[in-house]
Amino acid sequence: MRRVIAVLFLVVCQMTGTHHASAASTNLRLVAQNFNVASDRQFRFVFNVSDDQLRQELGESNTATVTVRALAPVTTREELTTALGSTTPSESIAVFGALTRRLERTPTGDFVILVAAGRGGLALRADGIYPIRLEVSVGGEVRASITTVVNLFAPTATFTKMKVSLLVGAPAVSGRPATQPDGSIALDAAARLALENLIAIGSAEGGPLTLAIEPEVIDGLARSASTDDIELLTRLEAVMQRHESVQLPYVPFDPSSAQRTGLGERFAELLVAGRDVLDVHNGDAPLNSQAWVARQPLDTDGVDLLRANDVKTIVLTPNASQASGSLDNYLKTYRVGPTVDTSLAVKSIDPSFAELLTGDRKSPVVDAARIAASLILSRSAVEGSGGDVKRLHAVLGDTRGEVPSVQVAIPLLLALDRAPQLNLVGVSRLGAVTADDSTTSLPTISRIDLNANRATIDEATSFVRITESMLSSQSPLRYEWDRSLLILNDDRFDETTLDSYVKGVRSRARLLRNSLTIPDGLSFTLGSREGTLRLPVRNESAEEVTVGVEISSAKLLIRDAARVITIPPQGSVDVVVDVVARANGRFPVDVTFTSPDGSHKIGQTIRIGARVTAISGLGQLVTGAAVLVLATWWVAHWRARKRRNAVEKHPAIR
């Protein structure tokens with residue numbers, strides 16, 4: 001009897017449409033829905049409420065009901081906005097209700113209601129975009145409600161599809177490189193979260209996406225020894241190998257300023273380095289090297305540099321297009337350039353959609369349905385006015401070209417992928433410009449001056465390059481240092497941050513220079529005019545090092561004073577040189593290390609001592625003469641003494 005009363009009460013509520021809007025709150029949360037519904041299938045809504053007491057009542061009370069109301073279909077984006085924002089919706093054209101305690105529950109406790117799209121459910125007569133209002137009531141009083149939207153279509157209907165792309169970029173534009181000043185790899189919390197969110201979106205059903213991932217961060221993860229970083233990279237690669245990636249420079253480097261300051265070659269170098277990294281990690285997935293995602297404002301100077309680097313399409317995020325003003329139609333392709341042949345295609349992300357995809361959203365599932373429905377309505381409007389739907393292409397993304405809200409992007413991806421009126425594609429499917437495309441202009445901007453710290457960067461680059469020439473061509477330090485030098489060009493650096501990175505990269509190079517040593521207190525002694533010096537040079541580093549050695553002294557004539565030697569890691573090599581002494585005594589000998597080509601000095605000159613005890617030719621002559629005089633005197637003395645002894649012994653004298 002109680003069950004019969006409850007059912008009769010539910011029927012009366014549905015028929016009369018009685019509800020108390022003043023009592024309804026906005027704590028009904030739509031967890032999931034099928035946005036695209038064929039007219040021979042069913043609607044599915046998963047919902048819950050934030051109030052614990054109400055949730056308990058919905059699961060237990062015989063008077064707790066959910067009512068699904070279909071409102072009149074909308075035909076424009078304006079009507080859709082009104083329907084979703086109204087607290088007093090228009091009259092229902094179809095109604096379905098059920099006791100909430102009888103609904104299926106998910107493992108997390110959410111309520112699931114299935115409604116037939118036809119007789120016995122919501123009997124809607126025509127295809128279209130329908131606002132759907134869900135209300136939960138207890139005892140006839142509406143306690144919570146929410147309005148969403150669905151795309152109803154005949155299962156046999158065919159459509160000319162409009163292209164749609166969803167841009168997912170990471171990490172944050174305001175972030176910092178993964179490589180730290182000391183060369184270690186440390187991804188900050190914001191960048192790690194951005195990559196986790198990108199992986200979540202990229203692993204969801206639907207696609208393809210267009211990925212814009214900073215190459216330096218990928219490269220940093222690849223060089224990291226951290227197990228967490230390795231695991232993160234593995235999951236990131238799986239996503240990259242599934243979706244299209246768009247090229248980015250190794251680190252952010254403003255093309256407009258680069259063109260004005262004559263740094264076009266450096267921009268090209270960073271672009272090539274970025275493509276190389278993406279190529280290594282994206283498997284067989286396409287790498288779009290003809291598109292540029294502008295996260296920051298861009299002007300005509302930047303366009304000229306992009307054109308010189310074979311870019312054909314520019315995607316302006318709302319953050320980048322703010323200086324250009326709003327375009328009149330975000331589905332159209334614009335062109336920028338003096339002629340059609342030299343023009344680049346320009347697409348701009350609709351800021352109203354970007355707002356729905358940015359940050360934490362109160363009703364993300366509804367936001368996703370709203371975006372998909374708006375695109376379908378815009379497509380229908382163009383088709384209804386005789387326009388060419390095939391020329392339309394909407395690019396979606398958040399306001400800065402970063403990772404969209406995961407809670408919005410995942411249901412949106414599914415809605416776009418399954419909508420028969422839409423074709424989810426990569427940005428590479430943007431068509432080439434034609435004479436029919438409207439022209440647009442970009443204002444001159446001065447966001448950043450890349451020349452401000454150029455002298456500091458160039459000096460550090462020269463210092464490291466000279467040191468790098470000492471390394472073996474197979475040394476992993478070459479790659480690490482090359483990447484560190486590229487990082488110095490990051491246009492997000494302020495003077496303080498750049499200074500810390502410059503000091504870090506110079507310090508690592510200086511360690512290699514300082515690893516070349518000779519024994520303390522080393523000295524030489526030459527005992528003759530010509531001799532050999534043996535100079536032991538030790539390499540204290542873990543790298544094989546090739547270095548020039550120059551020995552000089554004012555008192556020595558040195559044959560082949562400059563030598564190039566290769567010293568194994570933690571090893572030593574003796575440098576042997578032939579010398580001719582120019583004088584006797586003690587005097588200094590200078591030892592200088594140079595780059596292998598001898599053009600640059602490595603470190604400070606080392607001074608050692610030398611002593612020469614050799615006798616010159618004049619000294620030998622004087623000594624020989626003295627010996628001869630002494631010998632003559634001794635012989636004369638000996639003969640005189642012998643003569644004297646003989647006279648003394650003569651008999652006549654006795």
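The values are calculated or read from the model by the stated rules, or taken from the named source; none is laboratory data. Keep in mind that this is a model prediction, so the values were computed, not measured. Here the Cβ is made from the backbone with ideal geometry for all residues, glycine too, and neighbour counts use every protein chain on show. Surface areas here come from the heavy atoms of the whole protein model, side chains and all, with no ligands, DNA or RNA. Shrake-Rupley method; radii C 1.70, N 1.55, O 1.52, S 1.80 Å.
Okay, here's what the table says:
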quantity: Under Karplus coefficients 6.51, -1.76 and 1.60, residue-wise ³J(HN,Hα) of the stretch 65-72 in Hz, glycine/proline x; calculated: 10, 10, 10, 10, 10, 8, 9, 4
quantity: On Cα atoms only, tilt of 264-281 relative to the major axis of the chain in degrees; calculated: 70
quantity: Amide H partners (placed H, <5 Å) of Val340, local residues excluded; calculated: none
quantity: Spacing of the two label points (7 Å from each Cα toward its C-beta) at Ser352 and Glu196, in nm; calculated: 3.5
quantity: Amide H within-cut-off set for Val403, under 5 Å, with H built and near neighbours excluded; calculated: Gly169
quantity: Residue (of Thr313, Ala154, Ala32) at the positive-pole extreme of the chain, dipole from beta-carbon charges; calculated: Thr313
quantity: Carbon plus sulfur fraction of accessible area for the stretch 113-166, probe 1.4 Å, in percent; calculated: 46
quantity: Cβ charges +1 (Lys, Arg) and -1 (Asp, Glu), total dipole of the stretch 348-388, debye; calculated: 160
quantity: Distance (nanometres) between label positions extended 7 Å along Cα→Cβ at Gln570 and Arg538; calculated: 1.3
quantity: Principal-axis tilt of helix 406-418 within the chain, Cα atoms, nearest 10 degrees; calculated: 60
quantity: With DNA, RNA and ligands ignored, accessible area of Thr517 (1.4 Å probe; Å², nearest 10); calculated: 40
quantity: Qualifying GluC sites (Glu not before Pro) for the stretch 180-289 [loop in DSSP, other Cβ within 10 Å: at most 11]; calculated: Glu205
quantity: Size of charge dipole - the stretch 546-598 - debye, nearest 20, with Cβ of Lys, Arg +1 and Asp, Glu -1, no other charges; calculated: 260
quantity: Average Cα contact separation per residue, the stretch 209-284, under 8 Å, 6 or more apart, as relative contact order %; calculated: 41
quantity: Of Lys161/Lys312; Lys312/Lys362; Lys163/Lys362; Lys312/Lys390; Lys332/Lys362, those spanning more than 26 Å from alpha-carbon to alpha-carbon; calculated: Lys312/Lys362; Lys163/Lys362; Lys332/Lys362
quantity: Degrees, to the nearest 10: 2-16 long Cα axis against longest axis of the chain; calculated: 90
quantity: Accessible surface of Ser203 - all protein chains present, 1.4 Å probe, nearest 10 Å²; calculated: 70
quantity: Accessible surface, the stretch 39-133, averaged per residue in Å² (probe 1.4 Å); calculated: 50
quantity: For the stretch 285-438, share of DSSP beta bridges that run antiparallel, in % to the nearest 5; calculated: 25
quantity: Nonlocal amide H pairs with Thr63, under 5 Å, H built at 1.01 Å; calculated: Gly139
quantity: Cα-projected label distance for Asp188 with Leu557, points at 7 Å along beta-carbon direction, nm; calculated: 6.5
quantity: Positive-end residue of Ala415, Ser256, Leu477, charge dipole of the chain with Cβ unit charges; calculated: Leu477
quantity: Note, ³J(HN,Hα) from phi for the stretch 238-250, Karplus 6.51, -1.76, 1.60, rounded to Hz, x at Gly and Pro; calculated: 4, 6, 4, 7, 9, 10, 6, 10, 10, 5, 9, x, 3
quantity: Taking the chain and dividing mean pair separation by its residue count, relative contact order in percent (alpha carbons under 8 Å, at least six apart); calculated: 12
quantity: Under 14 Å from Lys503, Cα to Cα: aspartates and glutamates that are on another chain or at least 8 residues apart; calculated: Asp182, Asp458, Glu459, Glu495
quantity: Positive dipole terminus of the stretch 73-191, leading residue within Thr106, Ser145, Pro89 (C-beta point charges); calculated: Thr106
quantity: Options (1) 73, 36, 20; (2) 60, 54, 30; (3) 88, 28, 17 - which one matches semi-axes √(5λ) of the Cα gyration tensor in Å as calculated here; calculated: (3)
quantity: Those residues of the stretch 467-486 whose amide nitrogen sits under 17 Å from the label point placed on Arg506, 7 Å along Cα→Cβ; calculated: 467-468, 484-486
quantity: Accessible surface of the stretch 396-537, 1.4 Å probe, proportion on carbon and sulfur as whole %; calculated: 47
quantity: Assigned charges on the beta-carbon of Lys, Arg, Asp, Glu; the stretch 46-175 dipole about Cα centre (debye); calculated: 460
